[in-house]
Amino acid sequence: MRLGVLMAVLMGASFTRGQETPPAVPAFPAVVELITVDAVVVDRDGRPVSGLTREDFAVSEDGKPQAIATFEAFDLRGPARAREVPRLPDPVATNVRKAPGAASSFVLLVDDVGLAPARAETVRAALARFLSEGLRDGDELIFATTSGSTWWTAHMPEGREDVLALAARVRGRSLLDNASDAISEWEAYRIVRFDAHGGDVGSTGMPALPPSDPGQPSASVPGVEMTQRVVDRYYQRRVCLPPDPPFPGTPVPACRSMVQSVDRAVFALSGVRGRKSLLLLTEGFLNDPDLDVAGEVAGRCREANIAIYALDVRGLVAGLSGADSAGAPNTAELGLMQMEQVDFAAAGSVELAEETGGLAIRDTNDIGGSAVRVGDESRVYYLLGYTPPPGKGPRDWRKLKVEVKRPGLTVRARKGYTLRTTAEILAADEARIASGAQRRGSSKAAPAIAEPPLPADMARALAGPHDAAAIPLRAMAYVFEERPGKTLRTVLTVEVDTGALSNLGGEERPRTSLSLSIAVMHRDTGQVRRVNQRIEVDAGGAGTWQGWLAVNREFDLPPGVVQARVIVRDEFLGRLGAVTARFVVPPATGLRVSTPILTPRTWRPRDGLPPRPVLVARREFEASGLLYCHFEVFGAAAPGGRSALEAAVELRGRDGEVVRREPRRSIEPTLDGRFIRFLSFPLDGLAEGDYELRLQVEDRATGEVQEDAEPLRLRGGAAPR
């Protein structure tokens, strides 16, 4: 598949006049002098506690009490979801919405790199339960895997089915085993950490030690002791013979991929108000000091008010499996290996959870129930604000403690923070983005010329689920003919409200400069196609700078569910708009109809050629003038070179009454052999309200029939009868 970008500059841009007035963007007051602490309170049974007041809390920094200046209590509990089945999403996606209600932000991160294949079904069942019981309408969600195979954003309830489909495909990728001739990740980690820093390492890179005498005390150097243990086991099991014992190599880098995934999720949700919870489904990971998990990553979690809940998917662990214990001469050692792997391998996830004000959940087989309880806990929380005391620099660590005065209650809150400025945080974000772009540019799959890194605010919006509305946007996808490689040509139309853009040319010649970034993600394959462009917009004359600016970008996509994340940034004002469009690319088989183009406007390529429809990202029109309808039919038979296609089109009101009708008639092929229907309906005299355009196409040669129904809305029309 290839990415088809029409042009790096504005192509097919148009302005459509309209009376749309975007609602005021909700603004939350911010007091930069205050530190905000996000706290959850639970009772002895782990249930969230609501109804507390400012007087119930005590906050201290570096052991000194602090006055609580601001206090907010949140209880976002409510019905899990609407009982009725939600209708299919409209074909038009927009960030112009009503003010959101009570909602929460979650990240579901599956550590599939460190997940044993046998435990994948446990994880899938837990995910399905959380998605069905743990989310509420309005919630925002990121679903991701540490392998990088999945990164999907969704809003509830319309995104639930997509995430369920992704969760059903989770697979364990860990190749580690517990056989007696294996080496555990903990053993490999200890050997590398200690042998490489002071152990007696020979010329082969391996400690030159003979098999130890069981009657003698073990070596005192931890790495050498661990190496000796592995060497003895290999000799006893005759995996190898002296003098060439195998060197185990370096630890599996599962923790690195996990940390990078957590970091990306934290980056995506930074700036989103309220409590954000990251559910990490993992078998645990080693607390490698080289990665500075508790410092670097946990620090960014604290800055973003994100709590990590580490759910250990190994459940209750007791004893050895029969395959490992049967006939093994060193059963005690295998038990030791298992104990080490269970306890030490969880150290990293436990510390990360505790340092961010979350919780590490272990030794339970009810992973799904635990995830649902985390969701409930995350909806009842308190925001405590206080003024940080002087005496420390912006990068100095400040120890934080939140307590509740009522007995029998437990508080979960971040354990500290630094006073890094917004500029410092953005600079660090820019550096990480640039570093990631360099890594992508050096990979074999990357283009010859690596794309320049995005600004931090655009990269953050691109990775997150939140719809930014400083620039109102609309987006809609049109699917057309088949392309090579079993893909279909898909045009994504993005409309930008010019009322929110800077005008750098004045009334005589309006112009502006925009950055456009699009990430098109295929749900069923995990493949991503990207567009990152700078667009210089020149309106061309006075009186044209109003309405909506339309930009088209083209992709060749395989059949399946697709999500397009669209970011537009005004380069002068720094304003940003973000929206997610979800659509389905149908299979290119049998009789098929393209996405109908409904538009009030047409254009002519040049004199003498028939008019063509202007693509728009809307299904709402003025009840006046003409509404044009354009569609193309594919996969039709042509017996004897003659058309056997017929089509009928109707415009129906909400009650099903036909208000406009184009009678059934044949579709004749064009000179290049295409089957296209282009017609129009007069809208004058129709009442304001919801309508449906229904079309039916029949191939009389095969008897195959295709039907489509496109919802639309008319406004400003005649009074309802």
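Go through 550, 564 for me and flag whichever is under 20 Å from the mean Cα position of the chain (by Cα), small (Gly, Ala, Ser) and either in the same structural domain as residue 488 (by TED's automatic domain parsing) or not in a loop (DSSP other than H, G, I, E, B) (or both). Before you say what the answer is, go through the steps one by one.
Working: 550 fails: under 20 Å from the mean Cα position of the chain (by Cα).
Going through 550, 564 in turn, just one is under 20 Å from the mean Cα position of the chain (by Cα), small (Gly, Ala, Ser) and either in the same structural domain as residue 488 (by TED's automatic domain parsing) or not in a loop (DSSP other than H, G, I, E, B) (or both): 564.
Every condition in (1) crowded, with 17+ Cβ neighbours inside 10 Å; (2) in contact with a strand residue (DSSP E or B) (Cβ under 7 Å, 6 or more places away or on another chain); (3) modelled with pLDDT of 85 or more is met by residue 417 except one, and the failing one is (3). Once the range 581-609 is narrowed to residues that are under 22 Å from residue 700 (Cα atoms) and among the β-branched types (Val, Ile, Thr), the residue that is surrounded by the fewest Cβ atoms within 10 Å (Cβ to Cβ) is 589.
For (1) of a type outside the set (Val, Ile, Thr); (2) modelled with pLDDT of 95 or more; (3) under 24 Å from the mean Cα position of the chain (by Cα); (4) under 24 Å from residue 378 (Cβ atoms), each residue gets a yes or a no:
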residue: 57; (1), (2), (3), (4): yes, yes, no, yes
residue: 63; (1), (2), (3), (4): yes, no, no, no
residue: 69; (1), (2), (3), (4): yes, no, no, no
residue: 73; (1), (2), (3), (4): yes, no, no, yes
residue: 78; (1), (2), (3), (4): yes, no, no, yes
residue: 82; (1), (2), (3), (4): yes, no, yes, yes
residue: 87; (1), (2), (3), (4): yes, no, yes, no
residue: 91; (1), (2), (3), (4): yes, no, yes, no
residue: 95; (1), (2), (3), (4): yes, no, yes, no
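Taking the conditions (1) surrounded by fewer than 17 Cβ atoms within 10 Å (Cβ to Cβ); (2) under 21 Å from residue 456 (Cα atoms) in turn, residue 540 satisfies each one other than (2). Scanning the range 525-549 for residues that are touching a helix residue (DSSP H, G or I) at 6+ places or on another chain (Cβ under 8 Å) and at pLDDT 90 or above turns up 548, 549.
Taking the listed residues 383, 400, 359, the one that is closer than 30 Å to residue 34 by Cβ, surrounded by 20 or more Cβ atoms within 10 Å (Cβ to Cβ) and not assigned by TED's automatic domain parsing to the domain that holds residue 307 is 400, with no other qualifying. Annotation note: Cβ proximity below 8 Å between a residue of the range 600-623 that is over 21 Å from residue 690 (Cα atoms) and a residue that is among the charged types (D, E, K, R) and part of a strand (DSSP E or B) (sequence gap 6+ or interchain) occurs for 602/612; 603/612; 604/612; 605/612. Among residues of the range 480-516 being in a strand (DSSP E or B) and over 26 Å from the mean Cα position of the chain (by Cα), the one that is modelled with the lowest pLDDT is 511.
The values are calculated or read from the model by the stated rules, or taken from the named source; none is laboratory data. Since the structure is predicted, the reported quantities are computational estimates derived from the model, not experimental observations. FYI the Cβ positions are ideal-geometry reconstructions off the backbone, even for glycines, and counts take in every protein chain you see.
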